[in-house]
Structures are given as C-alpha cells and as structure tokens.
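Working notes, beginning with the structure itself.
Rule-based calculations on the coordinates, nothing more; no lab input. Because the structure is predicted, anything quoted here is derived from the model rather than measured. Neighbour counts are summed over all protein chains in view; Cβ atoms, including those assigned to glycine, are modelled from backbone coordinates with ideal geometry.
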Amino acid sequence: MLRLLCVLVVLLSVNKTWQFFFDKVEVGEVTPKNPAKVVNEILELNCAVFSDSGLNSSLLFWEVPFNENVSQDQVSINGDRTLLFRKNITDIAMEGNYICRRKDKDDYLESMVGFVAVVTEYEAVRNVSDFKCVLVTEKQEFRCSWKLGLYHHEDYLNVKVEISPDNEMNRVDCPQQTIKESCVWTKDDVAITSMTMIVTLSITNTEFNVSKRFIKEFHTLTISKPMPTAFINVTFQELCGCAYLTWGTIPGGVNTRTFITLMSQWNTVPLTFTVDVNSLIVCNLVPATVYTVNVILKPVDGLYYSNSSEAEFETCHMTPIMESSWYSSTDCADSKMNTTHTVIVYWQKIPPKYQNWPLQYYKVFLDGAQVKQTNNSEFLASFPVPCHGNHYVSVRGCNKQGCSPESHILIPNYKDVVRPAKVIMEQKKRSPEVYLTWFGVKKEDFMAVDIVWCKMKPAGYTCSDDIQVLRTNSTDHMTLHSDIIGAAIDEVIFGVAAINARNMSSGIRWQEECRYFKDEVIPIVGSVRLMPDPPRNSLTLTWKPVECEPGSKNVYINQYQIFYCQLVESGNNCALVLEQKMNVSASNVVPVTLRNLNHKIRYGISVRAVSLTKMGPISIMVEGQPHNDDRGSDILSQEMNCLNQDNGKLLSERTNCLI
C-alpha cells in the first residue's frame, strides 16, 4: 500500500496525462526495486540507463526526499551508464521516493529515469518485552501478553502465538483472529490446567522478510492467579481491642501467602499484615468501631495475586478511656482549719475515638464523693476544696456501658506547693511568638513547669475549649511560637503551674487579663507629688501608676525607680554628690515613703517606669524637705502644700511662700 501511494504521489505531482506516462519510452531503471532499510543500515541504489538511450552517467543526478541536497560523497559513477547512490540511514524520516533524473530534460516527468520508494524501520523485528502469562483460575482462562516495542510500520508485522500443554507434542493457535500484544485461551481451547505450558511467539516483518521466535515455558502453579478467598470470619477475644480473623486459602493444598489490610475511620494509613497461615489475631483496635478488612491470596511461590475480598466487622463496646486532668484554684486566705478555696478542674474531653460508645456525661469526684456531673460537651467544673490536707479529684466519662477508669489529680495542702504569684503574657507587633514570664516561684521550689493554654471565650478571660499542656524546665520565662500553640495568639489565654520535687502541681495561675506588647513605648510617669504629714526624717511620694487600658496595646510595668538627690541652695539642680535610687515593685500600692533622710537638706525626687526589658523616661522632679518633731503639724502641712504648689515650676515662677 505504501509503495502504491508513493507511485500515485509521483504521478499526481506532474501536469501530464496518464496516457503520456504509460506511453513514455523508458530510458533506464533504478534498482533494487523495493528497498527496505533499518536505521544504521546502508542504502545503495543504482541508476542505469539503457545502451540505446543515448545517455551516459554524466547526464544523471539523484533527487532525494524533502529536497535534501545530495553531497558528492554520496554518489559515484560505475561505468559509462550507471550512477550509484549510497547513504547511511540514520533516521526513519529518510523514508520516501528516491528519483534518478536526466539533466537534458526540464519537464518533471520527462526528466525522470526511474524511482523507488524506500521503506525505513527502527528494527525489522524487535525483541519483545514483558512476555508473561497468567492462569486466571476464577475465569478458567490462560492469558498471555507481551510488548512489541516501537515500530514505524507496525502493520507489516505478522504475529502468531501457539500454546502447547504437552511438551510441544500438540500446539494450539491463538483463537483470536487479530493478534497484536495479547491472546486468551479458555478451557474449551486447551487443557489450561496442565502442569506446564510452552508458549511460542513468532513475529515476522513481511516487508523486510525477517522473523523471530520467542519461546517460554510456564509452570502453572507459578503463574496461577487464584480465586478470591471463599470466606472471612471475625471473632473477638476477651478484650474489645483484639479480633481473631480466619479466611479460606487456595484450594488443593497450595501453600498460600495472605495479604491483609484493615481500615476504619480512625486510620489514615491501613493496618497491613502478611502471613503464610490462615488466621491472625489483631490487637490495639478501637472499640465500638467498624473496620473493613481486605484479604488477597497468592501462592507462596507464585507471581500473581487474587482479587481482593472484603468484609466488615464492628469491635465490641466498652467504657470510655479518660484523658489527663489539671486544676487551678483561688489562694487560701488564712490558716484556719475550716477554710476552703475554690478549685476549677479542667479535663481534656474524650475524643470520639476513645468514647467507645456515644458519651453521655462527665462525673467529678472529690475524695471519692461525687461533687459534680456535667454534660458531654463540658471540660471544667468548679467546687470548694479544704485548704488543709491533701485531696484527690477524679473525672470520669460515662456512656451506656459504664464510666471510664478514674483519672486522679492531687490537690495538695496549700502549704506544700508554691503557686506562681503572677503570669504575664507579652507579644510583639507582627510577630508569631508569645513571651511568658511568671513570678513568685524560686528555682529550688520546683522541678518542672506546665505551660497551659486554651482558646478564650469572646466575653472574657476564660477557656472556651480543652486546655493544652507543654511541660518545660524553664525557670521564669518561656517563648512560644504560634505553630506550637495551634491558634492565633489573640484568641488564646495562657497559664503556668509549678511542679515540685514530689511531683505535686501548684495548680494553674492564669495570665493577667491585660494584653501587653514588648515593643510599646513606656509612658512618662505623671502626677508625681509629695504627700503631707510624712513621718519624721522622711518624705512620702505618690504618682499615678501606668494602668492597663482595655482595647489598647499596653506595655507591662514591672517596677518603678525612684531617684532622689540633695538640691543646691540656689536652684533645683542636684548637688555634686551621688544620686540615690530606690526600686519599687509595680504591684506595691503607692504612696512610697523615703526614710532616714536629713531634715536639713532639700531633696529633688523623680520617678520612671521600667518594663521587663527596658526603661521609660524620667518624670519631672518634685522637691521636698523632711521634718523632725520640733515643729507643729500645722506648720508642716503648710510647708508641704507650699512645696507641692511650686514643684515643677521654673525658679522665676515660684511663690517662695516659705521665705
């Protein structure tokens, strides 16, 4: 067909009549007539003119496909009347019409001495790959398949395959009319259950007249694809988390290898098992859960697997499994024996995987007596607990099967643990980190610290869901990244619980409600003034503390620094003596009294606020002079009022009311 098309292309490409073509007197010929070459073979063509044509080889030239230029080294003269063309076929694209022409004629058809259509191929017959056969027991079929590989002209291939069940005494052709890369025999065609099968695959390239045979011997046991298992049975052991599986193996006593997978709603990766027996005990299953089991069979020495068989089973029900608990509490106000403090117990809600049946409620016990019962969505409960003595609180989740084992936590005697006095949470603008600092716990008082956090209710600083816990050995501060927290920092509140050497928890101290930012500017301290009627040889100072403003970005003030010095007689500058400083905790209530001063000296006093990491600006200076008991209180009061009136003013503006 290809060669006929090539001839038609030549004929239709000239503007001549058919009669002219057939009446044309031949002056020569091109040989060989039907050249076929594979890649990397040499193509040799001869163009010979007849003796009576009046032509010689010098008047001849070659025209090749795609108007490719013919180089001098590709042609040679062989005698007076023959022009030889020789070329290495490096690509299948070199296929096409090779035409020998005469130089003394310009007409397309008249100039043609002869032509041949060259056929190219990668390889006349390639070696087949992936030649395999399988006995499909379930369908009683013997299937063989192979891959021919890449061909330029696959239609030139004649594929024949035969099977012999009796050591080639008899051969059975493939029953399919058209064969390319597979063939199927049924039990009606051949005895497919024979112990061995010899398969002969013959491939002939009719254009190149090249053939190859491929013979393979297959052992039926090795290539059998077994039927799926006949049954899958599941029974349970005494524990709900274990199941006993049995299944049918390959009939006929064939050594069987079994591949088993189990999946449930709790699995992201299947549980997989491979065994050479027909039973299996699987444990660590989740109670009250539907599992899907898949079973695939394969002969131990075989190549092929059966189709999967599937069954479902539900593990038995049992009481829930309870998670750990934590607590926070108010401080014990005094040491009386009947004093109580309010304790809030937090627990992690039992996830559905461990409820083992729909959860109904939680029960809370104090020293064995039930004190609370909550619905199944709660995660905390509050109740009074005596300050004195150790007390045990437990939480149990309950379903219709019963309640979980008790999860105890110890509420220790209030004197046995040291709870953090304060917890500060700070942020930085556009930072994913949170900075926690806690006070009031000495390093020798604890062996670890539990950092806790939870999502906050929109209405206030209380938890809206389970708390999360991270244990650390940090002394008094820690930095957490939002990736660890698992939520936006603005949605979370934090707390700290100290764990002492006896593994007793102090209970959670939650952070102060104010949200602080490390990179906020510390404001100047305002309303600095001296109070009237200070003690003897003292001055009492007060100021307006830096307070938290809800909804604003606040800076945490850890302490205030008070600076005081002796003023020179002629002004409000400090004398050339050392300035003195006093640190006051921000949690202390103003006013603050400076004692042991010299009543003969006039002092200048300033204040500044200090955060955990930086200092604020110094306030305006106020002036004052302490008294002794030699003067009456009315005179002292008058002097202090006068000083407060002049504090913060320039010298030229002062009233000098004491003069």
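Odds and ends about this structure:
- Likely footprinting exposure, Trp543, Trp266, Trp62, fewest C-beta neighbours within 10 Å first: Trp266, Trp62, Trp543
- The share of Cα pairs per 5 Å bin across region 378-504, counted from zero up to the longest distance, runs 2, 9, 16, 18, 19, 17, 11, 5, 2, 1, 0 percent.
- Degrees between helix 633-646 axis and first principal axis of the chain (Cα, 0 to 90, nearest 10): 40
- Measuring r between the beta carbons of Asn537 and Asp490 and using R0 = 56 Å, the FRET efficiency lands at 0.65.
- Across the chain, Cα-Cα pairs more than 38 Å apart make up 69 percent of the total.
- Approximate spin-label separation Lys353-Gln140, in nm, with each point projected 7 Å along Cα-to-Cβ: 4.9
- Counting other Cβ atoms within 10 Å as a rough exposure proxy, the listed residues Ile489, Ile605, Ile350 run Ile489, Ile350, Ile605 from fewest neighbours to most.
- For the chain, DSSP calls about 95 percent of its internal beta bridges antiparallel.
- Stretch gain in nm, segment Ala459-Glu26, where the contour uses 0.36 nm per residue and the Cα spacing is subtracted: 145.2 nm
- With R₀ fixed at 56 Å, the C-beta to C-beta distance from Trp266 to Glu154 puts the FRET efficiency at about 0.60.
- Radius 13 Å from Cβ of Thr540, net charge of other residues (Lys, Arg +1; Asp, Glu -1): +2
- Counting only the Cα atoms, region 56-176 fills a convex hull of 195 Å³ per residue.
- Normalised per residue, the volume of the convex hull around the Cα set of region 129-223 (Å³): 97
- Normalised by residue count, region 226-314 yields a Cα convex hull volume of 88 Å³ per residue.
- Region 356-443: relative contact order in percent, alpha carbon pairs under 8 Å with at least 6 residues between: 23
- Within the same chain, lysines fewer than 8 places from Lys298 are excluded, and of the rest, those with a Cα less than 24 Å from its Cα are Lys132, Lys139, Lys187, Lys216, Lys225.
- Based on DSSP H segments of at least four residues, each scored -39500 (n - 2.57), the chain has a per-residue ellipticity at 222 nm of -1500 deg cm²/dmol.
- Between the helical axis of 2-12 and the longest alpha-carbon principal axis of the chain there is an angle of about 80 degrees.
- Treating r as the C-beta distance of Arg502 and Ile618 and R0 as 35 Å, the FRET efficiency rounds to 0.15.
- Cα-based radius of gyration for region 475-605, normalised by 2.2 N^0.38 Å, reads 1.50.
- Pairs of lysine residues in region 339-490 - Cα separation under 24 Å, sequence separation of 8 or more or cross-chain: 25
- Additional length obtainable on full extension of the chain from Asp73 to Ser279, 0.36 nm per residue less Cα span: 66.4 nm
- 18 Å Cα-Cα reach of Lys105 towards aspartates and glutamates, excluding residues that sit fewer than 8 places from it in its own chain: Asp23, Glu26, Glu29, Asp52, Glu63
- Label-to-label distance, Glu63 versus Glu310, with points set 7 angstrom from Cα along the beta-carbon direction: 6.7 nm.
- Highest average packing first - 437-447, 390-400, Cβ atoms within 10 Å: 390-400, 437-447
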